[in-house]
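Here the structure comes first, spelled out in structure tokens, and everything after it is commentary.
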Amino acid sequence: MRGRFITFEGGEGTGKSTHAATLAARLKSLGLGVRLTREPGGSVGAEIMRHILLSGVAKPLGPEVETVLFAAARDDHLTEVIRPALARGIWVVCDRFADSTRVYQGAVGQVDPRAIRALERVIVGDTMPDLTFILDVPAEQGMQRTAKRRDKPGGPETSDRFEAEAIEFHEKLRDGFLTLAANEPARCVLIDATLPKEQVADQIWRVVNDRLEPTLAPIQLADVSP
């Protein structure tokens, strides 16, 4: 039986990585095999591409080139990690996926949506998420969170290519994700991520149980998470 594919989306500082990890742990507690992964990255080739993209090296080449680079990273990630895991019955939980390209490079970067959809058809095909959580916080609050993260011991020393953008960029990101949630309610669930972390995690868990019924899934004892 094919595993389930769950993604987390949203702007910077919305808590995607935290809640993806929390959900993965809860699914594992049921005895399910879970692969927690991320984009850009998640596979050896894609992690190399991640460094290029988030360092800002590709920014001068424009959003069209960034779109192609994200697609190349996604192709490697899907081929090497996501599809093999799903085929084995593993549940894949991913911090960002194709929706981020639609919003960052499409809605905000103004890359022709037809080009983005064409790349999706070729690269992603029918491997779309079963469920996508869009975590929402006001742009200013999200940027405050990323600043606090950098101040923590062991945190990143500098902003990445997208965190460093002006607040107007992040406000457009938020609008893009809200539009996505409104346009695809069958797959996308909007979550108010300004609530306390525990409340957000519980909301996510309720949605997963209602929509995907993990307690009824076959137990997969092999834990393939990194």
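Quick look at the numbers
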{"item": "The range 1-15: number of residues that are small (Gly, Ala, Ser) and in contact with a His (Cβ under 7 Å, 6 or more places away or on another chain)", "result": "1"}
{"item": "Qualifying residue in the range 20-36 (condition: more than 30 Å from PRO196 (Cβ to Cβ), of a type in the set (Gly, Ala, Ser), over 16 Å from the mean Cα position of the chain (by Cα) and assigned to a helix (DSSP H, G or I))", "result": "no"}
{"item": "Some residue of the range 75-91 being more than 24 Å from ALA182 (Cα to Cα), in contact with a Leu (Cβ under 8 Å, 6 or more places away or on another chain) and modelled with pLDDT under 95", "result": "no"}
{"item": "Residue count, the range 177-188 (criterion: surrounded by fewer than 19 Cβ atoms within 10 Å (Cβ to Cβ) and either of a type outside the set (Gly, Ala, Ser) or within 23 Å of GLN105 (Cβ to Cβ) (or both))", "result": "7"}
{"item": "Test: residue in the range 26-46 that is touching a Pro at 6+ places or on another chain (Cβ under 7 Å), surrounded by fewer than 20 Cβ atoms within 10 Å (Cβ to Cβ) and either closer than 30 Å to ASP210 by Cα or among the polar types (S, T, N, Q) (or both)", "result": "yes"}
{"item": "Helices (runs of 4 or more DSSP H) within the range 52-156 that include 2 or more residues of a type in the set (Asp, Glu)", "result": "63-77, 139-151"}
{"item": "Conditions (1) at pLDDT 95 or above; (2) of a type in the set (Asp, Glu); (3) touching a Leu at 6+ places or on another chain (Cβ under 8 Å); number of the one not met by ASP126", "result": "(3)"}
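Residues are listed down the side, and each one gets a yes or a no for (1) buried (at least 21 other Cβ atoms within 10 Å of the Cβ); (2) in contact (Cβ under 8 Å) with a residue 24 or more places away in the chain; (3) within 14 Å of the chain's Cα centre (by Cα):
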| position | (1), (2), (3) |
| --- | --- |
| PRO60 | no, no, no |
| PRO63 | no, yes, no |
| GLU80 | no, yes, no |
| ILE90 | yes, yes, no |
| PHE97 | yes, yes, yes |
| TYR104 | yes, yes, yes |
| PRO113 | no, no, no |
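The values are calculated or read from the model by the stated rules, or taken from the named source; none is laboratory data. These numbers come from a predicted model, not from an experiment. When we count neighbours, we look across all protein chains shown, and the Cβ atoms used for this are built from the backbone with ideal geometry, even at glycine.
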